[in-house]
1. Would you please state which residues of region B:202-242 a label at residue B:385 would reach in this model, taking the label point 7 Å out along Cα→Cβ and a backbone N cut-off of under 13 Å?
2. State whether region B:3-174 is rounded, prolate or oblate according to the following rule on the C-alpha gyration tensor (a ≥ b ≥ c being the square roots of its eigenvalues): a/c under 1.5 gives rounded; otherwise a/b larger than b/c gives prolate, and the remaining case gives oblate.
3. Chain A: which residue's Cβ hugs the A-to-B rotation axis most tightly, distance rounded to whole Å?
4. Once you place label points 7 Å from the Cα toward the Cβ at residue B:315 and residue A:185, how far apart are they in nm?
5. Between region A:96-161 and region B:193-226, how many Å separate their Cα centres?
6. Evaluate the relative contact order of chain A (contact order divided by residue number), counting alpha-carbon pairs under 8 angstrom at least 6 apart; express in whole percent.
7. Any idea how far apart residue A:281 and residue A:235 come out in nm if each label point goes 7 Å out from Cα toward Cβ?
8. In nm, what is the difference between 0.36 nm times the number of residues separating residue B:298 and residue B:34 and their Cα-Cα distance?
């Protein structure tokens, strides 16, 4: 008998029928003899609706109160799922984050899990019950409800799997698995049966919606295999784990893209210590997440500093940056809100020559201008005009033959 | 500096603007120097919507899970109210029933308050905060969330007022106060400035929607004055308390009515011990609430047994009663689903002759047939045809001069 942690996303529990469908899937797993702990997100758009409600009251909702408010979304879905299971003849109990022993720091709206006291879960499992845990939430040492921020429910599930010594963490949503590229964009894109943590981390960070990178990191740290699959089909999904077949290493595994990219360049910045801090500390304080940062080689102690933010944050970011640029003696600030980024991802890429060259020459043949380049050990990312992103993904998918036999696992 | 407990009903917090309105009213009270504890109901129809959601999942929702589900409604409204107060510059904190120390028995969906451990509330008040408590909910000794059933939030408020030694419990909703009769029915109906606990209890039980009888009982037990008033106007409302001016005693204070009455008569019942139990125990087990019960004097050891239920329960009740009636040798069962009841209420009514006689002769003059009569020390109730209820209320209001000078306080 193994212990399995399953996680169902908001679209999988969006209404009563979908919740009953999830209950049937859980029962099928329970019948096969496993112990099952289930983590659920809030139903459909519930969280967004609660946030909207809070902002109807005030532009600056109290953080503690906002966390308590948002935590109700997952409590609702977890009780409904427990009811559905009971109705189908299986003993089940819903637990809030606090009841499940999810202990976090006190950083409201972006709390980190400090540890899990799984006593209550273990005791309910021993009684033969299916345990449903409200995702995305925990409790601080001051006994206040906290929420975990983006990717919160994925993180709850992997953390629980680690804490309980689960065999696998299964993450169900409306996505069938991890693909070599977006199948909506590249018809010949192929679903991967497995992928390594590192590659998935890059994919998740650089555009794949299959799972939040925070959960992948945690899975890697505690060596928890994570299955990404759909709750609406019987497609076996993609397993994220550490022991990927050797022959698929040193290949491009997947092409990722992201259309939500805007760029700000501070032109003619005096190149002296403290300039980066002067710009990026106020941006962080304003809650603006900065993605790629590139600084050109300095000529006569004058340099250009370019960084990217989400499109929705470009105006806010310019308001923060412009007065600072003035005060540090920069020449001007220019912004471009219509960009996208395209990445090729695969282990050992940096050790294998030629990947970057092939990527750049593909762009050149397609007449696509590269605006910024960043690389990691297993990823090369180019920022290009938003209107050419789809062409770039299709061309790279063809050139790197991610659909060919040798890539299949 | 006094401590005040305020309670706002669902219509008073139905949307963001109404919540802000409530926040302004709380602040006005806080500014006058009082400490304020506020109990809130769920917004508008939230509770009904959550119940609907549960019944979309199953016809028999698990009781524990249903209570957790329903408790989220009051958590949502309490956090939003706390946010509104913070936004207006007043420190506030929302507490769930569990955090507020509302300890109940484990009877899910109809839990009774066993006691209140008000440590947390007292500590937050000492820090100068306005404390918002989610009504209608508590926690059992097994640390499971419970709900208090009908009148739950009113009960939370009065129980908190008793536990904290509050000067008064103010109950705000969309009703302006307690009237001599329904002003929609009797244009000359007058709002009472005060009323005794006992009279209010009869009124609340016999049709007035101003406050739940359970909360009135608790108020009487702990001698907590309860103000019933509107959150939308500055009408001073009606004070329910124990020291009502002497000259208004021994008078009809108010006419109550209820249109939700159906009658079942078991005809020709052998009059022997155990017959009442044989009928009413199965009805209670089926969850059917029986109101008035009348048994006629027995002739030749054969009697008729009549009782009333809510109209919505008549079919269910007949299904329970008919086989029992057969098995105990009754002649037949007849039902009438189109009845209503009208009551006159005032202290000392039974000690003062003539009230019942005047009530019956009024009905006679109006040509209204009385089907059943029941009385208490301070109430006389007649069950009549539903189509004549409004005429009866108007006539009684006129005959008993509840609008006249001597009744004013």
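Laboratory data are not the source of any read-out in this text; all were calculated from the coordinates shown. Note that the structure is predicted; figures quoted are calculated from it, not measured. Using ideal geometry, Cβ is built from the backbone for each residue, glycine included, and neighbour counts are taken over all protein chains shown.
1. None, by backbone N distance to the label point.
2. It comes out oblate by the Cα gyration axes.
3. A:72, 2
4. Using points 7 Å along Cα→Cβ, the separation is 5.7 nm.
5. After rounding, the separation between the Cα centres reads 43 Å.
6. Normalised by residue count, the contact order of chain A is 14 percent.
7. 4.7 nm
8. Values: separation 264, 0.36 × 264 = 95.04 nm, distance 6.12 nm.
Gain on stretching residue B:298 to residue B:34: 88.9 nm.
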